[in-house]
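Notes follow the structure.
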Amino acid sequence: MGWLWAIIVGFVLGLIAKAILPGKQHSPLWLTTIFGIIGAVLGNWMAAGFGIDETKGIDWGRHALQLVAALVVVGLGDAAYTMIRGNRKRT
């Protein structure tokens, strides 16, 4: 069940990050989901470092860190995808 939640959370975080980032992102949906999963893992890691990973109620701080990490990962990942994809089309 853990993997299913990781995919769902990654999908949602990836879509939110794509909606927030300016401009058009060219990465496919499956890659955006992977970027979102990576962002969620990084956000959880940062939350643990700040000591806010286990709080009473809703973990707003952890969710905010997950979203910020997803924004960075989706932005950088999409730039890398576009660069690699662009190089393939030229050859």
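Rolling a 1.4 Å probe across all protein chains gives Asp53 an accessible area of roughly 50 Å².
Can you tell me which of Gly57, Gly39, Gly23 moves the most in a GNM of the chain? Springs connect C-alpha atoms under 10 Å apart. Comparing Gly57, Gly39, Gly23 in the GNM, the peak value goes to Gly57. Can you list the trypsin sites (Lys or Arg not before Pro) in segment 18-86 that are in a DSSP coil and have 13 or fewer other beta carbons within 10 angstrom? The qualifying sites are Lys24, Lys56. Between Val12 and Trp60, full extension at 0.36 nm per residue minus the direct alpha carbon distance yields a gain of 15.7 nm.
Using the Stokes-Einstein relation with a Kirkwood hydrodynamic radius computed over Cα pairs, the translational diffusion coefficient of segment 18-79 at 37 °C and a viscosity of 0.692 mPa s comes to 274 µm²/s.
The values are calculated or read from the model by the stated rules, or taken from the named source; none is laboratory data. Since the model is a prediction, treat every value here as computed from it, not as a measurement. In this analysis, Cβ positions are derived from the backbone assuming ideal geometry, glycine residues included, and neighbour counts consider all displayed protein chains. Accessible surface areas use protein heavy atoms only, side chains included; no ligands, DNA or RNA. Shrake-Rupley method; radii C 1.70, N 1.55, O 1.52, S 1.80 Å.
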